[in-house]
Each structure stands twice: as C-alpha cells, then as structure tokens.
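Following: one structure in structure tokens, then a few remarks.
The values are calculated or read from the model by the stated rules, or taken from the named source; none is laboratory data. Not measured: the values here are computed from a predicted model. Because the Cβ atoms are built from the backbone with ideal geometry, glycine has one as well, and the counts that use them run over all protein chains shown. The accessibility values were calculated without ligands, DNA or RNA, using every heavy atom of the protein model including side chains. Shrake-Rupley method; radii C 1.70, N 1.55, O 1.52, S 1.80 Å.
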Amino acid sequence: GAVVSQHPSRVICKSGTSVKIECRSLDFQATTMFWYRQFPKQSLMLMATSNEGSKATYEQGVEKDKFLINHASLTLSTLTVTSAHPEDSSFYICSADNTIGALDTQYFGPGTRLTVL
Amino acid sequence: EDQVTQSPEALRLQEGESSSLNCSYTVSGLRGLFWYRQDPGKGPEFLFTLYSAGEEKEKERLKATLTKKESFLHITAPKPEDSATYLCAVGRGGSNYKLTFGKGTLLTVNP
C-alpha cells in the first residue's frame, strides 16, 4: 500500500519550453501533496504544498509563476515548469500525505529527472 | 526555524558490522520524526515514524529510537543491500504542516 507514481521519470527539453510532471497516489487518496527538488548530493528542498481543490502554498524563494502546481483530484497533482532554463535542471520528487496509515507520513514518488539544454 | 543535523555524513561498514546513525533535531512542537531510505536516482522510501520520546520501532535489521533531542537508526549485521542514503526528517505541529529534512548519511556496506 501507499504507492505514489510520477511521470515521466526522465525528460530532456530545450530552453524556453514548458514541462509537465504528474504525481499520482495509486492506492490511497491524498488531500495534500508536496513537491520537492533535489540537487546532486544534497537533501530534499520543499518547493510547495498542494491541497486538493485549492491554490498551492509555495516556499520562500520559489517562483509560483514559474512552477505551476495543480491538484485537481485526490489522487493527482501536476507540476509544470514554465519557460524552463538550464538552472531548472534538477531531480523533482513529489510526495503524498497518507493520513490513513502512519499519521502524517509522506510517501514519495520515484522522482523525475529534468534536464534543460 | 526547524533544524535537522545528521551524522556522520558518510559511513563505511563491513558486512555484519553493526553501527548507528544519528539525527539531532530542534523543532517547536514535534509532530513526528521520520526515517527514509533513498537509493541513487530514486525517491525516498519510508522506513519509520516516531512520535514521542522513548518510542522505538524495528524493521528487519533496522531499529529506530527517539529522545527529546535526537533519534538513532541502529543497523544490526548489515548486508550490502542496506547500502543507501538514510534521511531523517521532522514534522512540526500546526496548520502549515511540512517536513524538514537533514542532509542524510550515505551508508556503504562492503561484502
């Protein structure tokens, strides 16, 4: 139980294009989903908290117009990186809060490696 | 501001050589302390949640303990497949719930 998927697992795009990443909770409903980015040999940095049916809450320093988050249902959240540039290249990981299992435990997706040329 | 410090940064063990990883934290109103395992190029895999000082949890060769200031992840008789980065995170109580992660401990178990 508590499986989270992400798609795509890897994407390479040209500078200036937009990229959409999907995050799905497969066997539970997630009122809250989170988006992180991780640079090589560094820990996870929270980008935003996404609540179903409402606007995402962004962490300080994260551009909300650049990283668009939509949480349209209890099992799906999407992150769109708009007008991507090489500095946006990173490992993006989503998580979903499974309140049915261990309280407040976040279960993570496998991550999406974004490379912007 | 919540802080999580993990030590050591890296640890090399021989197969069967038991050891412990440390996670020191400061948080206002601990809601939970979490341990995850992360393999290269993958998302973190959930291991344990601890809620209050004195609590312990076990899973196979791993045992997590919690005090008011730190948590330990004890690894008993590790195997090469236990090699990974182990991440510790704390969640604070309140309306704006989120996790603060440490930088992790890279564990390498040699056969």
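For the reader, a short list of remarks on this structure follows.
- Annotation: cysteines of chain A without a disulfide-compatible partner (Cβ-Cβ under 4.7 angstrom) are A:13.
- Loop-located GluC sites (Glu not before Pro) in the stretch B:20-111, at most 14 other Cβ atoms within 10 Å (DSSP): B:60
- Student exercise, chain B dipole from Lys, Arg, Asp, Glu Cβ charges, in Debye to nearest 20: 280 debye
- The residues packed around residue A:74, meaning those with a beta-carbon under 15 Å from its beta-carbon, carry a net charge of -3 if Lys and Arg are +1 and Asp and Glu are -1.
- When each of A:64/B:98; A:41/A:64; A:20/A:66; A:41/B:57 is checked by Cα-Cα distance, pairs over 23 Å: A:41/A:64; A:41/B:57
- Ranked by solvent-accessible area (1.4 Å probe, protein heavy atoms only, all chains present), the residues A:73, B:71 order from largest to smallest as A:73, B:71.
- Counting only residues at least eight positions apart within a chain, or on another chain, the lysines with an alpha carbon under 18 Å from that of residue B:59 are B:79.
- Accessible surface of residue A:52 - all protein chains present, 1.4 Å probe, nearest 10 Å²: 70 Å²
- Think of a 1.4 Å ball rolled over the protein heavy atoms: chain B then has 50 Å² of accessible area per residue.
- Euclidean distance of C-alpha centroids, the stretch A:53-117 and the stretch B:1-80, integer Å: 25 Å
- Taking θ as phi - 60° and the Karplus parameters 6.51, -1.76 and 1.60, the scalar couplings of the stretch B:99-111 work out to 9, 10, 9, x, 7, x, 10, 8, 9, 10, 10, 8, x Hz in sequence order, x denoting glycine and proline.
- With all protein chains kept in place, the per residue accessible area of the stretch A:1-63 amounts to 59 square angstrom at a probe of 1.4 angstrom.
- Rounded, prolate or oblate (a/c below 1.5 giving rounded, otherwise prolate when a/b exceeds b/c) for chain A by Cα gyration tensor: prolate
- Buried between B and A is an accessible area of approximately 1500 Å², summed over both sides with a 1.4 Å probe.
- A:75, A:80, ranked by accessible area, largest first (probe 1.4 Å): A:75, A:80
- Using the Karplus relation 6.51 cos²θ - 1.76 cosθ + 1.60 with θ = phi - 60°, the per-residue 3J(HN,Hα) values for the stretch B:34-42 come to 10, 10, 10, 10, 10, 8, x, x, 10 Hz, with x marking Gly and Pro.
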